[in-house]
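The values are calculated or read from the model by the stated rules, or taken from the named source; none is laboratory data. Owing to the predicted nature of the structure, the values given are computational and were not obtained by experimental measurement. When we count neighbours, we look across all protein chains shown, and the Cβ atoms used for this are built from the backbone with ideal geometry, even at glycine.
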There are 2 protein chains.
Amino acid sequence: MAGVRRGPIDGLLEEVRASVAGIDEGAVATYIPELAKADPATFGLGLATLDGQVYTAGDLVPFTIQSVSKPFVYALALADRGHEEVLAKIGTEPTGDPFNSISIEESTGRASNPMVNAGAIVTTSLVRGATRAEQLDRVLSGLSAFAGRELTVDGEVFASERDTGDRNRAIAWFMRSAGLLDDDVDAQVDLYFRQCAVVVTARDLAVMAATLANGGVNPVTGEQVVPREVVASVLTVMTTCGMYDYAGEWLYRVGLPAKSGVSGGVAAALPGQLGLGVHSPLLDARGNSVRGVAAAERISRTLGLHLLLPSERTRSGIRRSYRDDVVRSRRGRTRVQTDVLDAEGSAIAVVELTGDQGFASTELLVRLVLDDDTPTRWRIIDLRRVTRVDTASAALLDGLVRRLLDDGVAVAVVEPRADTARTAVKHLDARRFTDPDTALEWAETELLASLGHVDELPEGLVPLSGQDLLHDLAPEVVAEIEARTTTQVFHAGTVLFEEGAVADGLYFVGAGQVSADIRTRSGPRRRLSTIAAGSSFGELAIVDGLPRSTRISALEPTICFVLSPEAYADLHATAPAACAELTRAIARSLSQRLRYSTADVAAFEET
Amino acid sequence: MAGVRRGPIDGLLEEVRASVAGIDEGAVATYIPELAKADPATFGLGLATLDGQVYTAGDLVPFTIQSVSKPFVYALALADRGHEEVLAKIGTEPTGDPFNSISIEESTGRASNPMVNAGAIVTTSLVRGATRAEQLDRVLSGLSAFAGRELTVDGEVFASERDTGDRNRAIAWFMRSAGLLDDDVDAQVDLYFRQCAVVVTARDLAVMAATLANGGVNPVTGEQVVPREVVASVLTVMTTCGMYDYAGEWLYRVGLPAKSGVSGGVAAALPGQLGLGVHSPLLDARGNSVRGVAAAERISRTLGLHLLLPSERTRSGIRRSYRDDVVRSRRGRTRVQTDVLDAEGSAIAVVELTGDQGFASTELLVRLVLDDDTPTRWRIIDLRRVTRVDTASAALLDGLVRRLLDDGVAVAVVEPRADTARTAVKHLDARRFTDPDTALEWAETELLASLGHVDELPEGLVPLSGQDLLHDLAPEVVAEIEARTTTQVFHAGTVLFEEGAVADGLYFVGAGQVSADIRTRSGPRRRLSTIAAGSSFGELAIVDGLPRSTRISALEPTICFVLSPEAYADLHATAPAACAELTRAIARSLSQRLRYSTADVAAFEET
């Protein structure tokens, strides 16, 4: 289904491919004989989004990755050894020297950076593994995890590189002389040649780059390939050293951290946005793919993808903000309790966040909450729809919670998995809930208790005369209704009726408690309300005769007084004034629910 | 109110200030005698958000801006002359040479970049102005616009720089010899000295940096100081050349485009997030403020603010998505029309977007819309809550609209200002609306017309027997009601009653049309519904006796049949069966409205 329909991004890639394919300047690399066989007409493009959609255009022919492997193996080395050990041997400053220079950083004695061959050979020696075979396995499985499929080494290209790789051997021996390589130099250089001969396509490079853009998580497979904390370092050296001597101008014109290689590959990543892969073997004088540079520049310009342009900002991550006088928990309440919550519920405030939370959005949240002048005694922070909380956001959220608690505000945090290891708010004094309804119910119950309205079920049986719905009716009217009801008893757990069932009456709960819930599109059932003794259900169905809109089940042993549709008809026929009174009471109750429901919608509309 | 309460960011800045203030390494710059007078203990911090909140800590003493002026004047030069003219004289590659090197880029004959003195002096010569005085005015007013307040030159520092600035004179003469300065060298160097002697505070630097982070718009004043398209270029040269010889490591460790100066200032910007300003005169061997570097590194680490870390992503900018079978326009419809829309309304689809739209969020939107299998004939794209549409998003939105129109789908775009020059969707064949309600009404009317239900008002007077509310009632019941109504006539524009008014009856519209609207918190009135002949209003108030929840006004000459509360009471007393029937009809209508309203809330909950 998806992928069959070709949308605007397919069109864009196709346009770029067509407009750039005509460029035939440059030359195929010849310093490795095997590379000279590449077809200069080959040209492929890939674009991978951070939720795993991959778009491609042109030829997805396999080619050897060459230097484009460098940033990915640098990521593996950082993941395996940590920053300190890697930075002791390889620096981060760009160098004016050629990529295959036999030199070290004079002032520190390190290889200058991991994007030149000297630094890359040292980098490869640092990946995990007790033997060269284990290290090769780590490099291959690591690159495969970046690409999201199993990659292999091209034996012929490897043999060709090995046979002609004397300059890299010179570099490796020089690194050993500087104390930067400990081990068998020949084996280490062989490992590096194999790394360069791994076979990929433009699509693979797009996914690999998108994995960096996505904080180390492959967006197609969902695998965390390298820890998030190494990604910024990798993208930094790509930014400053990735495009040979073209780095400064590349960043100015294209604005994407990138790495190119002599086989004509370019991988470019825009953090938080996408990965690009291009393959075209014709190289310019600096060693970058001519069409690769042109295509990346065109895509960047068309889409405004510059690292240093402010991109999508979530200025507000606030989905809605409301108070309990307007939006109520679904816990059934008595008339008196409802009146109290109408009057005092504004002391309970809920703020619902959405999307990725970072510095800007959380800073705004903090300000809105702290500057809100409405007296607040309970503050519920609903994080159900939050997709990620970054370092800045977590620090600010924690500071906000601490500040609220210091001010004497009770704080509840709603998180889908209330898993303390992964929680966004570490503060132990914040209450935890997995849905906002239960959090609201908790705050309402505390509020009611603080005002002396202890939340207890009525003792004994609540007769019809004590039912909320019939509160305003004269005793003789209640008597007329009572004469026509039957008493029914339900065990705990019994389903009284399913949604969609034929309406079989108006139920008054005399004792016990029932739950009303509905199926949701996403699967789990969602509670609409609990209905306790003194409250009723089935009003909608008795007036409109439509099927039940909810499922009702008994939460405990429950006694109901039931007025069937036939009894209602009989009331109408034989005691029409009583029927009018009852119907008006039902209409009044519906009207109250409608007023709440409208307020609920307005809370969305006005946020 | 805001600013008095000190939240977690104030706490963070205070902590950073306290932890870094103890560092007293380094030395105050002495090469300009006036700078040597700076108090080494001075230490101030500022942080400005992109919605104009500025946090500060420590000493906000005035100091001269020195080299921190370079990127801002480069922005002015790019704004005044365009990229081509500026790039012809000043390159973008970092150099290994000292900042005050007397050299040019050998391969191109340009000054290497605008962050070294040679490039900066040429940059200043390029700002707009026929005379040096006009250029000075441009530099001063430009820097003032970046800071959001009027800045002035420190005369003593300027004199001191002029008296001792021989090396800068040498550079300027060398630039002139290379053909990069056209004009009176002394006057040009004087202008540059004045630029360096502009007086700022750490707070000013934070706002100036935030203006760059905000795409050229000063977040405090709202002024577009330089065009958005020059900002990426300025931040690029700050990234690669802003921190003297420390640029590579600075980007690796701190990850913020930045510029430092010899007076101890540092300005750093994270695009889309914030601006930082630090001032502390003790300099390290490279010429960067010791505490400035330490404070920026600490803030960056605590908040996870690295340019190359994926930050807040709006993966989904979709606020909600619904179809007309569930959420309806507020245009009143007849029973028959309502039945048709219940059955066929799913052909009308609305998607509501929120926040900043960029590549990632719009790509996802495109995919969701194109992959949606529900047959759709009208597609409404609601952009009311969209704060910005970037280049990528605009290209994708336009592609989506074109694709939908090609597929035969009618497209409507909702934008608060339907201003074609600023519209996010350029496509002329898309309909434009300023609110989603009117867009839904348009689509519903088209849908009804396509099925032969022409949307006309009933001709002549609709009697009570033709009223939708009384549709199921027996003629003798309608007659009982009719006997108790009065007929009232309203001119177009008459307000029948205001919200909050005492309920004075149930109104049946016999001819004409009224509008129900409410006040919103944000100011303008919002239409809830239009009610045409055959429909009624005032049901809620007649059953619960509460004040009117909406204002009702006549859109045209209107005739109503009104059942007053007294008449309703009389009906109850003298014709109770008819009263029960009427009340049940009202309850049924409320129940239908409640079912819609619940669906409306669910459309939010389940998106």
Yes or no: A:GLY304 at pLDDT 90 or above, within 14 Å of chain B (Cβ to nearest Cβ) and closer than 30 Å to B:THR49 by Cβ? no
Among (1) away from chain A (no Cβ under 12 Å); (2) more than 28 Å from A:ARG385 (Cβ to Cβ), which single condition is B:GLY248 missing? (1)
Residue check, A:PRO458 against (1) assigned to a loop (DSSP other than H, G, I, E, B); (2) modelled with pLDDT of 80 or more, all met but one. Which one? (2)
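Name the residues in the range B:132-150 that are surrounded by fewer than 21 Cβ atoms within 10 Å (Cβ to Cβ) and touching a residue at least 60 places away in the same chain (Cβ under 8 Å), would you? Step through it out loud before you land on a result.
Step one: filter the range B:132-150 for residues surrounded by fewer than 21 Cβ atoms within 10 Å (Cβ to Cβ), giving B:132-134, B:136-138, B:140-141, B:144, B:149-150.
Correct list: B:ARG138 only.
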What are the residues in the range A:367-406 that are surrounded by 22 or more Cβ atoms within 10 Å (Cβ to Cβ) and either at the interface with another protein chain (Cβ under 7 Å from one of its Cβ atoms) or at pLDDT below 85 (or both), if any? A:VAL386, A:VAL389, A:ASP390, A:ALA392, A:SER393, A:LEU396, A:LEU400
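What about B:ARG17, is it of a type in the set (Lys, Arg) and modelled with pLDDT of 90 or more? Lay out the reasoning, then the answer.
Numbers: of a type in the set (Lys, Arg): yes; modelled with pLDDT of 90 or more: yes.
So B:ARG17 passes the test.
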Within the range A:29-76, residues closer than 22 Å to A:ALA285 by Cβ and in a strand (DSSP E or B) come out as A:PHE63, A:THR64
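Could we say that A:LEU383 is more than 15 Å from the chain's Cα centre (by Cα) and outside any loop (DSSP other than H, G, I, E, B) here?
Working: more than 15 Å from the chain's Cα centre (by Cα): no; outside any loop (DSSP other than H, G, I, E, B): yes.
Judged against the criteria, A:LEU383 is not a match.
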Scan the range B:128-154 residue by residue and report those that are assigned to a helix (DSSP H, G or I), at pLDDT 95 or above and of a type outside the set (Ser, Thr, Tyr). B:GLU134, B:GLN135, B:LEU136, B:ASP137, B:ARG138, B:VAL139, B:LEU140, B:GLY142, B:LEU143, B:ALA145, B:PHE146, B:ALA147
Among B:GLY512, B:GLY500, which is the only one that is over 23 Å from B:GLN592 (Cα atoms), surrounded by 20 or more Cβ atoms within 10 Å (Cβ to Cβ) and under 45 Å from the mean Cα position of the chain (by Cα)? B:GLY512
Starting from the range A:429-453, take each residue that is assigned to a strand (DSSP E or B) and list its partners that are surrounded by 16 or more Cβ atoms within 10 Å (Cβ to Cβ) and among the charged types (D, E, K, R), counting only C-beta distances under 7 angstrom and pairs at least six apart or across chains. A:ARG432/A:GLU415
Let me confirm something: among A:GLU344, A:GLU352, which residue is surrounded by 18 or more Cβ atoms within 10 Å (Cβ to Cβ), farther than 12 Å from A:LEU400 by Cβ and either polar (S, T, N, Q) or out of contact with any strand residue (DSSP E or B) (no Cβ under 8 Å at 6 or more places or on another chain) (or both)? A:GLU344
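Taking the condition of being without any contact (Cβ under 8 Å) to a residue 60 or more places away in the chain and in a helix (DSSP H, G or I), how many residues in the range A:167-213 meet it?
Our first condition is that a residue be without any contact (Cβ under 8 Å) to a residue 60 or more places away in the chain; within the range A:167-213, this holds for A:169, A:172-173, A:176-177, A:182-187, A:190, A:193-194.
Checking the rest, the ones that are also in a helix (DSSP H, G or I) come to A:169, A:172-173, A:176-177, A:185-187, A:190, A:193-194.
Count: 11.
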Which residue is farthest from A:LEU305 (Cα to Cα), if the candidates are limited to the range B:350-366 and must be more than 7 Å from chain A (Cβ to nearest Cβ) and in a helix (DSSP H, G or I)? B:LEU365
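If I ask for residues that are small (Gly, Ala, Ser) and outside any helix (DSSP H, G or I), which ones from the range A:77-95 would you list?
Our first condition is that a residue be small (Gly, Ala, Ser); within the range A:77-95, this holds for A:77, A:79, A:82, A:88, A:91.
The one that is small (Gly, Ala, Ser) and outside any helix (DSSP H, G or I): A:GLY91.
Among the residues that make up the range A:579-589, is at least one of them within 11 Å of another protein chain (Cβ to nearest Cβ) and in contact with a strand residue (DSSP E or B) (Cβ under 6 Å, 6 or more places away or on another chain)?
Initial filter on the range A:579-589 (within 11 Å of another protein chain (Cβ to nearest Cβ)): A:579-589.
Filter once more, keeping what is in contact with a strand residue (DSSP E or B) (Cβ under 6 Å, 6 or more places away or on another chain): none.
No, there is no match, as no residue in the range A:579-589 is within 11 Å of another protein chain (Cβ to nearest Cβ) and in contact with a strand residue (DSSP E or B) (Cβ under 6 Å, 6 or more places away or on another chain).
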List pairs: first residue in the range A:343-358 and farther than 21 Å from A:THR434 by Cβ, second residue among the acidic types (Asp, Glu) and part of a helix (DSSP H, G or I) anywhere in the structure, Cβ distance under 8 angstrom, at least six positions apart or on different chains. A:GLY345/A:GLU444
Looking at the range B:491-507, I want the residues that are under 22 Å from B:ALA567 (Cα atoms) and have a partner that is in a loop (DSSP other than H, G, I, E, B) and among the aliphatic types (A, V, I, L, M) with Cβ atoms under 9 Å, at least 6 apart or on another chain. Which pairs are those? B:PHE497/B:ALA503; B:ALA503/B:LEU546
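Per-residue answers, yes or no, for (1) within 12 Å of chain B (Cβ to nearest Cβ); (2) touching an Asp or Glu at 6+ places or on another chain (Cβ under 9 Å):
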{"residue": "A:VAL266", "(1), (2)": "no, no"}
{"residue": "A:PRO271", "(1), (2)": "yes, no"}
{"residue": "A:GLY275", "(1), (2)": "yes, no"}
{"residue": "A:ALA294", "(1), (2)": "no, no"}
{"residue": "A:LEU308", "(1), (2)": "yes, no"}
{"residue": "A:SER321", "(1), (2)": "yes, yes"}
{"residue": "A:SER329", "(1), (2)": "no, yes"}
{"residue": "A:ARG333", "(1), (2)": "no, yes"}
Checking the structure you have, find out if any residue of the range A:304-323 is over 30 Å from A:ASP24 (Cα atoms), among the hydroxyl-bearing types (Ser, Thr, Tyr) and in contact (Cβ under 8 Å) with a residue 60 or more places away in the chain. yes
Name the residue, out of A:PRO219, A:PRO257, that is touching a residue at least 40 places away in the same chain (Cβ under 8 Å) and more than 9 Å from chain B (Cβ to nearest Cβ). A:PRO219
Taking the criterion of being within 12 Å of chain A (Cβ to nearest Cβ), under 27 Å from B:THR221 (Cβ atoms), among the small types (Gly, Ala, Ser) and buried (at least 23 other Cβ atoms within 10 Å of the Cβ), would at least one residue in the range B:42-51 satisfy it? yes
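Under the condition of being without any contact (Cβ under 8 Å) to a residue 60 or more places away in the chain and away from chain A (no Cβ under 14 Å), which residue from the range B:531-578 is farthest from the chain's Cα centre (by Cα)? Give the derivation first.
The initial filter retains those residues of the range B:531-578 that are without any contact (Cβ under 8 Å) to a residue 60 or more places away in the chain, namely B:537-538, B:540-552, B:566, B:569, B:572-574, B:576.
Going one step further and asking which of them are away from chain A (no Cβ under 14 Å), we end up with B:551-552, B:566.
Numbers: B:ARG551: 32, B:ILE552: 34, B:GLU566: 53 Å.
Only one residue fits best here, namely B:GLU566.
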What are the residues in the range A:506-552 that are under 19 Å from A:THR445 (Cβ atoms), modelled with pLDDT of 80 or more and touching a helix residue (DSSP H, G or I) at 6+ places or on another chain (Cβ under 8 Å), if any? A:GLY534, A:SER535
Please work out which one of (1) surrounded by fewer than 24 Cβ atoms within 10 Å (Cβ to Cβ); (2) over 24 Å from B:GLY272 (Cα atoms) is the condition A:GLY264 fails and give its number. (1)
Would you please list the contacts, defined by Cβ atoms under 7 Å and residues six or more apart or on different chains, that run from a residue in the range B:79-100 that is at the interface with chain A (Cβ under 9 Å from one of its Cβ atoms) to a residue that is in a helix (DSSP H, G or I) and hydroxyl-bearing (Ser, Thr, Tyr)? B:THR92/A:TYR252; B:THR92/B:THR236; B:PRO94/B:THR240
If A:PRO227 satisfies all but one of (1) more than 22 Å from A:SER263 (Cα to Cα); (2) of a type outside the set (Phe, Trp, Tyr); (3) surrounded by 22 or more Cβ atoms within 10 Å (Cβ to Cβ), what's the number of the condition it fails? (3)
